[in-house]
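Asker: Attaching a single structure in structure tokens format; questions to follow.
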Amino acid sequence: MENIYCPRTEKVISVWDALAEFQNELHPERLDRVVESDHDIMEAMGLDGNIAEFDKLLESVDVGQLSSSKDVPVRTFLPHKVCSRPKPAETPAKAARFNCVQRVTARKSVKDQRNIDVKLRYNRHKYMERKQDLETRKDLTPFREMVLVVRFYEPFKYKAGRRLGHPKFSQEYYVLSSQYLTELKDKIFCHCDAGPFYEISGDRTAEPTEKPPKSGFFFVHDTFYNDFRDDANHDYSGVIRKWADRQSLIGELKTARMEDTRFGDLKFRLGYPQMYQHQGNCEHLFVISDCRLLAATDILTRSRYPWLNSYGFSRDVPCNICGHCQAQYIVQNSTRHIFDPAYICENCLETYHYTEDGEKIGDFELHRYTLTMVRTDEDADSEEASTSQ
């Protein structure tokens with residue numbers, strides 16, 4: 001695949017090898033433990049007890065010495081907040097009659113609106129707050145695990161040679177190197193998991209008799225990691241590997257079981273797009289944006305991982321007929337709509353596609369449209385509280 005989509009970084013990270021390399025760096029020859037305090041640094045440097053010499057050393061490497069009176073002051077950038085500026089003076093009525101003044105005023109209003117639109121891009125996702133009361137049991141040791149930051153994106157339309165959309169951020173997780181891939185798969189939320197979405201134009205109250213198997217795979221680097229925990233799960237990668245065998249630019253593709261693979265077993269390039277596919281053809285691009293040691297400031301409770309760090313807000317789809325209510329159904333292959341598929345609400349569906357007796361008007365296919373809300377730690381806590389009561 002890298003012969004088709006060329007990577008920007010050459011280094012391929014092996015998580016277990018990176019952990020071993022960090023451990024070697026964190027264990028100096030004079031110490032049998034990880035350096036965590038100033039006392040450990042003094043002992044490793046042979047300055048044990050010589051506080052004056054150590055303070056002199058700290059002063060010599062202080063980054064404050066790099067500052068200068070000629071430096072340009074840096075103001076803190078808060079992208080999610082619109083900076084408050086003093087209100088400009090009003091333009092006199094006589095001056096507003098001149099064309100040059102009108103053009104300047106129009107140009108300034110367009111610029112201000114563009115700046116606001118750019119800032120609003122940062123308001124479309126939310127960062128989760130850590131709950132300290134859920135971290136009473138700290139069973140993780142700093143610097144003994146690797147933390148991977150995995151960012152998922154929403155599915156988008158794509159045709160060869162022409163992009164119809166662009167990936168939009170969906171969710172970001174922190175996972176441990178000792179965790180299995182299936183632990184992250186069970187945490188990912190997607191509205192397709194609320195299916196299956198059968199054709200229900202004949203009976204809108206019909207419920208599916210059985211749920212489909214939760215098949216899926218992660219494609220990382222050159223390996224398909226398939227979920228075979230259930231015997232009914234399908235191997236979605238089979239047809240892709242058969243197609244790849246006939247291509248000259250694609251190298252050998254491997255397979256492995258997702259439930260037997262830990263994140264520490266992975267090899268990947270930071271920032272290179274990988275693939276998560278489930279529910280047939282629902283495809284999510286994702287990237288591993290960071291791979292680092294578990295620090296003392298991280299969550300040290302194993303049960304909190306995979307940790308949902310941030311997520312994007314769900315996009316409401318308005319009804320294509322009234323434009324006021326949120327869409328609840330998808331109509332396809334209908335000659336009464338200018339859009340195919342068309343997203344419509346319950347009221348418009350009944351009045352536009354059905355008679356008073358409940359008979360269909362014309363031929364069309366009907367499917368449910370749902371948006372799955374993000375399941376956060378607050379939701380889990382409320383469910384546990386209601387169950388205990």
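The values are calculated or read from the model by the stated rules, or taken from the named source; none is laboratory data. Treat the numbers as computed from the prediction; the structure is a model and nothing was measured. In this analysis, Cβ positions are derived from the backbone assuming ideal geometry, glycine residues included, and neighbour counts consider all displayed protein chains. Areas reflect the complete protein model, heavy atoms only, side chains present, ligands, DNA and RNA absent. Shrake-Rupley method; radii C 1.70, N 1.55, O 1.52, S 1.80 Å.
Asker: Among the residues of region 3-17, are any closer than 27 Å to residue 252 by Cβ, part of a helix (DSSP H, G or I) and open to solvent by less than 90 Å² (accessible area, probe 1.4 Å)? Steps first, please.
Answerer: Of all residues in region 3-17, those closer than 27 Å to residue 252 by Cβ come to 3-17.
Right, trim to part of a helix (DSSP H, G or I) and you get 15-17.
Okay, now just the ones that are also open to solvent by less than 90 Å² (accessible area, probe 1.4 Å), so 15.
Yes, the conditions are met somewhere in region 3-17.
Asker: If you don't mind, there's one more thing I want to ask. Return yes when residue 293 is more than 22 Å from residue 156 (Cα to Cα) and either open to solvent by 20 Å² or more (accessible area, probe 1.4 Å) or not aliphatic (A, V, I, L, M) (or both) and no when it is not.
Answerer: Answer is yes for this residue.
Asker: Select from region 316-332 the residues that are of a type outside the set (A, V, I, L, M, F, W, C) and surrounded by 12 or more Cβ atoms within 10 Å (Cβ to Cβ) and list them in ascending order.
Answerer: Answer for region 316-332, where residues must be of a type outside the set (A, V, I, L, M, F, W, C) and surrounded by 12 or more Cβ atoms within 10 Å (Cβ to Cβ): 318, 320, 326, 328, 329, 332.
Asker: Out of curiosity, is residue 288 closer than 17 Å to residue 217 by Cβ and part of a loop (DSSP other than H, G, I, E, B)?
Answerer: Judged against the criteria, residue 288 is not a match.
Asker: If residue 165 passes every condition in (1) open to solvent by less than 40 Å² (accessible area, probe 1.4 Å); (2) modelled with pLDDT under 90; (3) more than 18 Å from the chain's Cα centre (by Cα); (4) farther than 17 Å from residue 279 by Cα but one, which one does it miss?
Answerer: (3)
Asker: Please go through region 238-259 and give me each residue that is among the acidic types (Asp, Glu) and exposed (fewer than 13 other Cβ atoms within 10 Å of the Cβ), ordered by number.
Answerer: 245, 252
Asker: Now, a different point. When you scan region 26-33, do you find a residue that is assigned to a helix (DSSP H, G or I) and modelled with pLDDT under 80, even just one?
Answerer: Scanning region 26-33 turns up at least one residue that is assigned to a helix (DSSP H, G or I) and modelled with pLDDT under 80.
Asker: Sort out which residues of region 317-342 are over 16 Å from residue 199 (Cβ atoms), part of a strand (DSSP E or B) and not polar (S, T, N, Q), and write them in order of number.
Answerer: Restricting attention to region 317-342, the residues satisfying the condition of being over 16 Å from residue 199 (Cβ atoms) are 317-327, 335-339.
Right, trim to part of a strand (DSSP E or B) and you get 318, 326.
Hit for region 317-342 is 318, nothing else.
Rundown of residues vs (1) out of contact with any strand residue (DSSP E or B) (no Cβ under 8 Å at 6 or more places or on another chain); (2) open to solvent by 90 Å² or more (accessible area, probe 1.4 Å), yes/no style:
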position	(1), (2)
336	yes, yes
340	no, yes
344	no, no
355	yes, no
358	yes, no
364	no, no
